[in-house]
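Notes follow the structure.
The values are calculated or read from the model by the stated rules, or taken from the named source; none is laboratory data. This one's a predicted model, so the numbers in the text were calculated from it and none came from an experiment. Reconstructed Cβ throughout: ideal geometry from the backbone, glycine too, with neighbour counts over all protein chains shown. These area figures cover heavy atoms from the full protein model, side chains too; ligands, DNA and RNA do not enter into them. Shrake-Rupley method; radii C 1.70, N 1.55, O 1.52, S 1.80 Å.
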Amino acid sequence: MTKILYLKSSPRGDASYSTRVADHAIAELRQAHPGAETVERDLGREKPFHIDADYLKALGTPEGERNGEARARVAHADALIDELLAADTVVISVAMINFAIPSTLKSWIDQVARAGRTFRYDEKGQPHGLATGKRVILVQAHGGRYCNTQAQSIDFVTPYLRHMLGFMGMTDVEVVHVEGTIFGEEVAEKAVIAGIERARGHASVRHAA
Ligand SMILES: Cc1cc2nc3c(=O)[nH]c(=O)nc-3n(C[C@H](O)[C@H](O)[C@H](O)COP(=O)(O)O)c2cc1C
């Protein structure tokens, strides 16, 4: 059965353009796979915890010896990793915040990037991703315009997410950009409509069979 993991990460709640577009990709995937199981997490609302010294110490401590809070945090991160590994399709809506990803999405990555679960290093020091066999659809909303412009080099969202997902084994990544959302409602709406078309196209192409 198809398992979809849908992560929303805009801090702008219902006003988010990336989430609006990603919702259409999800609808398309569900139409192509009526029995699909979807796990949805709104990271902007859930606010995943920041990793800290107690958490990192707990990771290196045998399970039975972890104290209450650290134990719960590791268990939560374990559950996030399980969700990611179980999914065959991952859809992530991302808002560009200060040229990078929302801090909540970074916290999710900090929790799921775990040696031995989502990546490993071999004896030569080469990394190998373990979260393989998934397709990823990224829907990114940017206030400005970066794609194929002089500003492309200051879009730290696209290269970082491609690298980090690839590091964990997810190399089949399609990106839908929704750009120029700060240039007024009309421009934003046009970008959203174009984004919905592309997102639906990506979602339906290889899943139509
Ligand atoms: C706190 C904050 C910081 C932002 N920083 C940037 C930025 O560095 N570059 C940019 O192009 N847009 C920036 N924006 C605009 C957002 O990228 C834009 O509103 C986008 O539509 C957000 O995605 P969303 O609609 O899915 O929430 C920022 C918005 C907020 C609220």
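Quick one: accessible surface of Ile193, probe radius 1.4 Å, all protein chains present, in square angstrom to the nearest 10.
That residue has around 100 Å² of solvent-accessible surface.
With the dipole of the chain worked out from charges on the C-beta (+1 for Lys and Arg, -1 for Asp and Glu) around the Cα centre, which of Gly201, Leu80, Ala191 lies farthest toward the positive end?
Gly201
Check the chain and count each lysine pair with an alpha-carbon distance under 20 angstrom, considering only pairs eight or more places apart or from different chains. Let's see the in-between values first.
Values: Lys3/Lys134; Lys8/Lys47; Lys8/Lys106; Lys8/Lys134; Lys47/Lys106; Lys57/Lys106; Lys106/Lys134.
Going through the chain pair by pair, I get 7.
Kindly express, to the nearest 10 degrees and within the range 0 to 90, the angle between helix 185-205's C-alpha long axis and the longest C-alpha principal axis of the chain.
60 degrees
Under the 0.36 nm per residue contour assumption, what length would be gained going from the current alpha-carbon distance of Gln150 and Thr171 to full extension?
Details: separation 21, 0.36 × 21 = 7.56 nm, distance 2.60 nm.
Residue separation times 0.36 nm, minus the Cα-Cα distance, leaves 5.0 nm.
Ranked by accessible surface with a 1.4 Å probe, highest first, in what order do Asp52, Asp42 come?
Details: Asp52 60, Asp42 35 Å².
My answer, sorted largest first, is Asp52, Asp42.
Compute the helix-to-body angle for 17-32: its Cα long axis versus the longest principal axis of the chain, expressed 0 to 90° and rounded to tens.
So the helix axis and the longest Cα principal axis differ by about 80 degrees.
Restricting to bridges with both residues inside the chain, how much of the DSSP beta-bridge set is antiparallel, in percent to the nearest 5? All intermediate terms of the calculation are to be shown ahead of the outcome.
Details: 4 of 31 bridges.
Beta bridges within the chain, antiparallel portion: roughly 15 percent.
Restricting to DSSP H runs of at least four residues, report the calculated mean residue ellipticity at 222 nm for the chain, -39500 (n - 2.57) per run over all residues, nearest 500 deg cm²/dmol. Show your work: numbers first, answer last.
Details: 7 runs with 88 residues, N = 209.
It comes out at -13000 deg cm²/dmol, rounded to the nearest 500.
Per residue, how much accessible surface does the chain expose to a 1.4 Å probe? Answer in Å², no decimals. Don't skip to the end; give the middle numbers.
Working: 10520 Å² over 209 residues.
For the chain, the per-residue accessible area is 50 Å².
Can you list the residues, at least 5 places off or on another chain, whose amide H is less than 5 Å from the amide H of Val176, using H built in the peptide plane?
Sorted by chain and number, the residues that satisfy this are Leu138, Val139, Gln140.
With only Lys, Arg, Asp and Glu charged, each at its Cβ (+1 for the first two, -1 for the last two), find how big the charge dipole of region 3-205 is about the Cα centre; round to the nearest 20 debye. Don't skip to the end; give the middle numbers.
Numbers: 24 positive and 27 negative charges, 42 e Å.
With only Lys, Arg, Asp and Glu charged at Cβ, the dipole is about 200 debye.
Using only Cα atoms, find the angle between the long axis of helix 157-167 and the longest principal axis of the chain, and express it within 0 to 90 degrees, rounded to the nearest 10.
40 degrees
Post the alpha-carbon centroid distance, region 24-65 to region 176-192, in whole angstrom.
Using only Cα atoms, the two centres lie 28 Å from each other.
Based on the Cα coordinates of the chain, what is the per residue volume of their convex hull in Å³? Walk me through the numbers before you get to the answer.
Numbers: hull volume 29.4 nm³, N = 209.
In the chain, the Cα hull volume divided by residue count equals 141 Å³.
How high is the relative contact order of region 3-205? Use alpha-carbon pairs under 8 Å, at least six apart in sequence, and give a whole percent.
Numbers: 338 pairs, mean separation 52.9, N = 203.
Relative contact order, region 3-205: 26 percent.
Accessible area of the chain with a 1.4 Å probe: how many percent of it is carbon plus sulfur? The partial results should precede the final answer.
On the way: 5530 of 10520 Å².
For the chain, the apolar C and S fraction of the accessible surface comes to 53 percent.
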